[in-house]
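Asker: Dropping the structure in here first, questions after.
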Amino acid sequence: MTAVCRKPNKFKPMTMKAMKEECISLLKTTGSQGIDNVINYLEKSGFFRAPASVNRHLSHDGGLLEHSLNVYNVAMRLREQMIAMLPEIEGRLPVESVVLAALLHDVCKANIYKKLTKYRKDANNRWEAYDGYDADYTRFPLGHGEKSVVMLLRLGLELTNDEVLAIRWHMGAWDLSFQSFESKSNISAASDVPLVAILQAADALSAHLLEIKN
């Protein structure tokens, strides 16, 4: 089944319920084998309620979902612009691939966060308590992009090679394993895949521009 090519939403505030419904609806449009298993996992693992980070971008309930939709929206806009400039790459950027890669690139974060009380100095230099998060990587310490790929494949999701590469390398050079020669060679080759470049750019633009703290 071919995904429906929706126009990405404008960047307007959405309730967590609306974001969840939008994410599930988009994932279902792909018609990908195993997508129902993935959606069930997202529900059970707390993906829809998790923050996007411990203390950086979108560190609040539902932040991970919001980030994923931001990446989807940016990626779709980048796709449209790049196809307009290079029409020959359209076949390398199927809509369903953008949907899957953008919405699921951070599935590895679904169950690593836990709430806890933290302390900080207030304006009067006095300690105050506030609600925050910590991350626990001990449950399945595999990595980041590669962990998302393994989790999705274990859930039975059918992914193309380009989708696997995009999710694996969405962090770009920030995710090189100890700067190894093999990793640098792999990311260099993967960066020539249009979907990889689109997802890397969309992820960075979302985290560092759309979601920056005021």
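Asker: Tell me, what is a quarter of the convex hull surface for the C-alpha atoms of segment 164-209, in nm² with one decimal?
Answerer: Computing the convex hull of the Cα atoms and averaging its projections yields 3.0 nm².
Asker: For the Cα atoms of the chain, what angle does the longest principal axis make with the long axis of helix 194-205, in degrees from 0 to 90, nearest 10?
Answerer: Computed tilt is about 20 degrees.
Asker: Further, regarding this structure: In a Gaussian network model over the chain where Cα atoms closer than 10 Å are linked, find which of Arg168, Arg49, Arg92 has the largest mean-square fluctuation.
Answerer: Highest fluctuation among the options: Arg92.
Asker: To the nearest 500 deg cm²/dmol, what mean residue ellipticity at 222 nm is calculated for the chain from DSSP H runs of n ≥ 4 alone, each contributing -39,500 (n - 2.57), summed and divided by the residues?
Answerer: Taken over the chain, the calculation gives -14500 deg cm²/dmol.
Asker: Just subtract the alpha-carbon distance of Asp134 and Met14 from 0.36 nm times their residue separation and send over the number in nm, one decimal.
Answerer: Separation in residues times 0.36 nm, less the Cα-Cα distance, equals 40.7 nm.
Asker: Quantify, in whole percent, the carbon and sulfur part of the accessible surface of segment 105-214 (1.4 Å probe; protein heavy atoms only).
Answerer: Percent of accessible area from carbon and sulfur atoms in segment 105-214: 54.
Asker: Compute from the Cα atoms of segment 52-94 the Rg and the Dmax, the latter being the longest Cα-Cα distance, and quote both in angstrom.
Answerer: Expressed in Å, the Cα Rg and Dmax of segment 52-94 come to 14.4, 41.
Asker: Continuing with this model, one more query. Kindly report, to the nearest 10 Å², the accessible surface of Glu80 as traced by a 1.4 Å probe over protein heavy atoms only.
Answerer: Answer for Glu80: close to 60 Å² accessible.
Asker: Just to confirm, what accessible area per residue do you get for the chain at 1.4 Å probe, in whole Å²?
Answerer: 55 Å²
Asker: Using a 1.4 angstrom probe with every protein chain in place, what is the largest-first accessible-area order of Glu158, Glu66?
Answerer: Correct descending sequence by accessible area is Glu158, Glu66.
Asker: Would you tell me the accessible area of Met19, worked out with a 1.4 angstrom probe on the heavy atoms of the protein chains, in Å² to the nearest 10?
Answerer: 20 Å²
Asker: While we're looking at this one, here's another question. Among [x] 7, 21, 17, 15, 12, 9, 6, 4, 4, 2, 1, 0; [y] 8, 29, 29, 19, 10, 4, 1; [z] 8, 33, 37, 16, 5, 1, 0, which one is P(r) over Cα pairs in 10 Å bins from 0, in percent computed from these coordinates?
Answerer: [z]
Asker: Counting only pairs 8 or more residues apart or on different chains, how many lysine pairs in segment 25-134 have their Cα atoms under 24 Å apart?
Answerer: Eligible lysine pairs with Cα atoms under 24 Å apart amount to 6.
The values are calculated or read from the model by the stated rules, or taken from the named source; none is laboratory data. Values in this document were obtained by computation on a predicted structure and should not be read as measured data. For accessibility, only protein heavy atoms count, side chains too; no ligands or nucleic acids. Shrake-Rupley method; radii C 1.70, N 1.55, O 1.52, S 1.80 Å.
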